[in-house]
């Protein structure tokens, strides 16, 4: 070690962004669980890894006191999750101590800062994020750069509950997400623990979302935090608002070591839980010398000294006692399950993106005479069933959604117009005549039964609603027409036929301003025609008659992903 001199590591362009993110995030203070190393002595005889402003550290090169290293030798750049920093730096220092020609620059990057680094022109030669699912966020070109090897450590995902809460294990992550227990999530785009919990819940679902589950997911998507650290901060500072949330066992252990006033209670779903797997990702294009340096560090991280350090920090390592660390005096042996398949992860991600995107919707309701007929639900007409479900669905939508309403039947607004606007499209929290748009919609829905008359002017209304939404398209929303009817097109005032309507919808569809028409049929509705109408715009079509069916399909209609438009 004599003669080595500590020096600052180079500062890659992305590292400054990572430093800013670390500076703004509470994660490091709660989760890192280490002190910064002391600076090197002035004489250099007791040199240590030197930390730059980015949190990186470098073991020095070409200062070996007699050893001959390659003249172009350079530190291997290693990027790790913040919680692996201390263990990785210590391992790198031991490798350099035994072979001074092997040197390393160790940087830390949390969540998406690691993705940014991996997609840079000069990516880290080794990247150890907390989850292999971060690869999903890379472009295919960047993803193909890396070889994926077994992880350095593991940490299973638990459900953290407030102190004093029921410690019973839930059946599954699906039950957690669709249940009634108060729940919070970190943003799955930024936090791997919440992402894996949501992915697993999505994979375990038994069918389409019902109204309650859909409403819960919409609310969860609107009130996420940026990280597990932010959830922990809320838990400490807002005890009256304490809720359950996903957390890695290691993060819970680190939090518990801070001796909080109210320790967390952990529970693992009985059907199994995924893990943060800390994969070892190395560039496929490494020189022979870089590959040897990489393998030396990887081997050192598998050494008994590193494994002991990882275990002491709350990680699980292969071959160790599977009881794991004690949190609030208790350890656990959860059932570990694999991450959902790639296709399921993509589907879950798309659904989440849709859930958190506010709706801009025109609800178009059939008020033809047959809507007063019996629905099959005792004591309720078709209109009663439909309006009850519509009112409940309205309550699930976020305040930032923009909703309006039309009704339609023949000659509804003059002899040649089959539709009438009841409520113009506005944000649900907009003020309208002293109350909110949501309340105004409820008031107008309650008056709809008095408007029942005439026949079903379906096709003219569909085209008019589609064109209204397309011409007022707003790219910040999911734009749609949701049309509810109980009959076939029966326009005694003339108007479009089905073939002409479909042709017009396809011709008028603008991929830069996509508007989908979602159709919901009841009673004698023309299922074939409704399906064709929806397909022409990338929408979906549903048939339902019972109250519970209407509830279910309305939620599906609001949360459904747009489909490709047939050409």
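The values are calculated or read from the model by the stated rules, or taken from the named source; none is laboratory data. Note that this is a predicted model, so its numbers are computed, not measured. Neighbour counts are summed over all protein chains in view; Cβ atoms, including those assigned to glycine, are modelled from backbone coordinates with ideal geometry.
Every condition in (1) assigned by TED's automatic domain parsing to the domain that holds residue 555; (2) surrounded by 20 or more Cβ atoms within 10 Å (Cβ to Cβ); (3) under 27 Å from the mean Cα position of the chain (by Cα); (4) in a helix (DSSP H, G or I) holds for residue 348 except the one numbered (1). Under the condition of being within 20 Å of residue 552 (Cβ to Cβ) and surrounded by 14 or more Cβ atoms within 10 Å (Cβ to Cβ), the residues counted in segment 372-390 number 13. Taking the conditions exactly as written (out of contact with any helix residue (DSSP H, G or I) (no Cβ under 8 Å at 6 or more places or on another chain) and at positive phi), does residue 259 satisfy them or not? Judged against the criteria, residue 259 is a match. When each of 344, 311, 271, 357 is tested for being at pLDDT 90 or above and either under 30 Å from residue 76 (Cα atoms) or in contact with a strand residue (DSSP E or B) (Cβ under 9 Å, 6 or more places away or on another chain) (or both), the lone residue that passes is 311.
Looking across segment 93-123, the residues that are in a helix (DSSP H, G or I), over 37 Å from the mean Cα position of the chain (by Cα) and surrounded by fewer than 24 Cβ atoms within 10 Å (Cβ to Cβ) come down to 93, 94, 95, 97, 98.
The selection criterion, being part of a loop (DSSP other than H, G, I, E, B) and free of Cβ contacts under 8 Å to residues at least 12 places away in the same chain, does not hold for residue 270.
For (1) under 30 Å from residue 135 (Cα atoms); (2) in contact with a helix residue (DSSP H, G or I) (Cβ under 6 Å, 6 or more places away or on another chain); (3) in the same structural domain as residue 474 (by TED's automatic domain parsing); (4) modelled with pLDDT of 85 or more, each residue gets a yes or a no:
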site: 352; (1), (2), (3), (4): yes, no, no, yes
site: 372; (1), (2), (3), (4): no, no, yes, yes
site: 383; (1), (2), (3), (4): no, yes, yes, yes
site: 393; (1), (2), (3), (4): no, yes, yes, no
site: 409; (1), (2), (3), (4): no, no, yes, yes
site: 412; (1), (2), (3), (4): no, no, yes, no
site: 415; (1), (2), (3), (4): no, no, yes, no
site: 425; (1), (2), (3), (4): no, no, yes, yes
site: 434; (1), (2), (3), (4): no, no, yes, yes
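The sole residue among 160, 174, 197, 193 that is more than 12 Å from the chain's Cα centre (by Cα), within 18 Å of residue 270 (Cα to Cα) and assigned to a helix (DSSP H, G or I) is 174.
Count of segment 309-343 residues, restricted to those that are touching a helix residue (DSSP H, G or I) at 6+ places or on another chain (Cβ under 9 Å), loosely packed, with under 15 Cβ neighbours inside 10 Å and not in a loop (DSSP other than H, G, I, E, B), is 1. Say whether the condition of being modelled with pLDDT under 95 and assigned to a strand (DSSP E or B) is met by at least one residue in segment 252-265. Checked against the condition, which is being modelled with pLDDT under 95 and assigned to a strand (DSSP E or B), segment 252-265 yields at least one hit. One residue stands out among those in segment 177-190 that are modelled with pLDDT of 90 or more and not in a loop (DSSP other than H, G, I, E, B): the one that is surrounded by the most Cβ atoms within 10 Å (Cβ to Cβ), which is 186. Looking at segment 200-226 only, could you name the residues that are surrounded by fewer than 20 Cβ atoms within 10 Å (Cβ to Cβ), in contact (Cβ under 8 Å) with a residue 12 or more places away in the chain and not in a helix (DSSP H, G or I)? 205, 206, 208, 210, 223, 225, 226, listed by residue number. Looking at residue 299 and the list (1) in the same structural domain as residue 148 (by TED's automatic domain parsing); (2) assigned to a helix (DSSP H, G or I); (3) touching a residue at least 60 places away in the same chain (Cβ under 8 Å), which single condition is not satisfied? Of everything listed in (1) in the same structural domain as residue 148 (by TED's automatic domain parsing); (2) assigned to a helix (DSSP H, G or I); (3) touching a residue at least 60 places away in the same chain (Cβ under 8 Å), residue 299 misses just condition (3). Which of the residues that make up segment 483-531 are in a helix (DSSP H, G or I), surrounded by 19 or more Cβ atoms within 10 Å (Cβ to Cβ) and over 37 Å from the mean Cα position of the chain (by Cα)? Matches in segment 483-531: 501 only. Looking at the structure I just gave you, is residue 469 in a helix (DSSP H, G or I), buried (at least 16 other Cβ atoms within 10 Å of the Cβ) and in contact (Cβ under 8 Å) with a residue 40 or more places away in the chain? The answer is yes for residue 469. One residue alone among 142, 160, 137 is closer than 26 Å to residue 247 by Cα and surrounded by fewer than 23 Cβ atoms within 10 Å (Cβ to Cβ), and that residue is 137.
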